[in-house]
Every structure is written in structure tokens, then in C-alpha cells.
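The values are calculated or read from the model by the stated rules, or taken from the named source; none is laboratory data. Computed from a predicted model, the values in this text were never measured in an experiment. Here the Cβ positions follow ideal geometry from the backbone for every residue, glycine too, while neighbour counts run over all protein chains shown. Just the protein is used for accessible areas: all its heavy atoms, side chains included, with ligands, DNA and RNA removed. Shrake-Rupley method; radii C 1.70, N 1.55, O 1.52, S 1.80 Å.
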Amino acid sequence: MRLVRIVAGAAVFTVAAMLGVVVPAAAATAVNYVALGDSYASGVGTDNYVNDGTNCLRSPQSYPALWATAHHASSFTLAACSGAKTGDVLSGQLGGLSTSTGLVSVTIGGNDAGFTSVIENCILQNDAGCQTAINNAETFIRNTLPGLLDNTYHAIRSHAPNASVVVLGYPHFYQVPGSCVFGLDNTKRTAINSGADVLDAGIQTEVARFAGFHFADVRNVFNPHEICSSGTSWLHSVDFGNLTDSYHPFAAGYSGGYLPVLDSVTG
């Protein structure tokens, strides 16, 4: 989303137990893997991007690239693109899928719900204005996003009928009350986290409708590494010098947060 190595062995099962994830049989070590989605899947925030002639900001430190390297994927396509919505997945990211695709991962929905607008409103407006923006986004998530996700998941299944599909969600952005003295107040921070909860719940509900799809929740693993945590934050705060990075994971958030969660599902 835009604003303007592996954990192995017992560690995987520790993460799985913490998340309450049922780990399926171990994935094949040589799998054809395609990664779809938005900036959280492409790896925005690492500031290390491949020069592929696009503005997608695809990183070798994204969670899909890390998984593909660690598991020696027989083929890997990173189709995810910064700023992508569900419509962009449908129109431009499905070309790498086929009957031979064994694993698909996707993180999508945040841009459809207006993440950028919500954050901008929460930065520029008072508490009431921030809450109104979040309420509007939550209404969209409940009423409109389910149909968009269903269309996207149906298309993924149609193009990759034999694949296991892992849908990864979004983290909480703030630890509240947290250690931050400046920036957004705790009312706004709490409201933003609540919006992330509604988004993740909406995604999880739609994922449950599809056989062979698995929802991977990253919120617990990111705790206590959110913005304003007393320890090391895995998320960029507002960066007026590089707005694209704002509210995206650092490389440590992909390797320490997203990758173990994906591992906990794939085995």
C-alpha cells in the first residue's frame, strides 16, 4: 500500500502454536510459487528493489522472495505491485498462474479499503476526522470488499486449480499506549488498529469460503514490534522524507514477521 531467513524447525511450530494455526503436511521442497498482491507483498519498506522497469517496488527482501529462496522453489514469480488493488490483481497479476502452480500467496485489500486516505486523514485531521475516515473504510470493508475478494479468489483458483493459496493479512500499526511522545495521539492509534482488525476479519471470513485457501494472521507475531513499541519496531512510522515507506515493514518485519507466519502455514 502507498502513502503519497527463514525460521526453521521447532521455531516454525512455536509460531504456529502461538497463532493457533493447524500446520498441514510439509510443502514440497521444489514448488512452483507465484506471489500476488500489493506493497506488503512486493516488499515496500526495505528500500531494496529490483530494477524491472516498473514502479512496483519489488524487493528481494519481501516475504515471498525470502520464502522462495529458503525453500528452493523450482520457479518463482513475484507479481505483487505497490499500490495494487483487487482489480489490479485480476487485470495484471494472474499471468504466472497455471495448473502446475503449487503455491500462491497474496496480500490484498488494504488499498481497496482506502488505507492511504485513512492515514492521511488521521495525520491531518482531529480525532473525530480520523474516526470518520476509519468508519467509512470499515463500512466499505463490510459491504463492498467481500465481493471484490471473492472475485479475486475465484480467479486465482480458476488459474491455479491445484495450488495451495495462502492469504496473508496486515499487522496492527501501533502499540498502545506505547512509548511514542510525539505523533498521533492514542485515540487515533487505537482507531487505526481497530480498522486493521476489521480488515483482517473481513479477509479471513472470505478466505474461509474457499477450499485450499488458508488465512495467515501476522498481528500476534508483530507484537511487540509495532510503531511506538519499547523494543525494535518492524514498521516505518510517518516518513516525510520518503512517504512511500510510511506504515510499511522494514526488512526485519518481512523476515521476522511475515516469513515465519507463511512458514507456519506451508510447513
Please enumerate the residues belonging to the stretch 106-119 that are buried (at least 18 other Cβ atoms within 10 Å of the Cβ) and either among the hydrophobic types (A, V, I, L, M, F, W, C) or more than 26 Å from residue 166 (Cα to Cα) (or both). 106, 108, 113, 115, 118, 119
Give the stretch 243-267 a look and list any residue that's outside any helix (DSSP H, G or I) and either within 22 Å of residue 185 (Cα to Cα) or touching a strand residue (DSSP E or B) at 6+ places or on another chain (Cβ under 9 Å) (or both), or say none. 246, 247, 248, 249, 250
Quick one: in the stretch 227-249, which of the residues that are small (Gly, Ala, Ser) and open to solvent by 40 Å² or more (accessible area, probe 1.4 Å) is modelled with the lowest pLDDT? 241
Cβ pairs under 7 Å, 6+ apart, first in the stretch 213-234 and within 25 Å of residue 105 (Cβ to Cβ), second among the β-branched types (Val, Ile, Thr) and open to solvent by 40 Å² or more (accessible area, probe 1.4 Å): 225/232
Is one or more of the residues making up the stretch 66-76 in a loop (DSSP other than H, G, I, E, B), of a type outside the set (A, V, I, L, M, F, W, C) and within 30 Å of residue 186 (Cβ to Cβ)? no
Checking the condition over 17 Å from the mean Cα position of the chain (by Cα) and under 30 Å from residue 267 (Cβ atoms), which residue from 185, 150 passes? 150
Looking at the stretch 209-226, can you tell me whether even one residue there is of a type outside the set (A, V, I, L, M, F, W, C), out of contact with any strand residue (DSSP E or B) (no Cβ under 7 Å at 6 or more places or on another chain), modelled with pLDDT under 95 and not in a loop (DSSP other than H, G, I, E, B)? no
Filter the stretch 53-71 for residues that are over 16 Å from residue 108 (Cβ atoms) and either modelled with pLDDT under 95 or of a type in the set (Ser, Thr, Tyr) (or both); which is surrounded by the most Cβ atoms within 10 Å (Cβ to Cβ)? 59
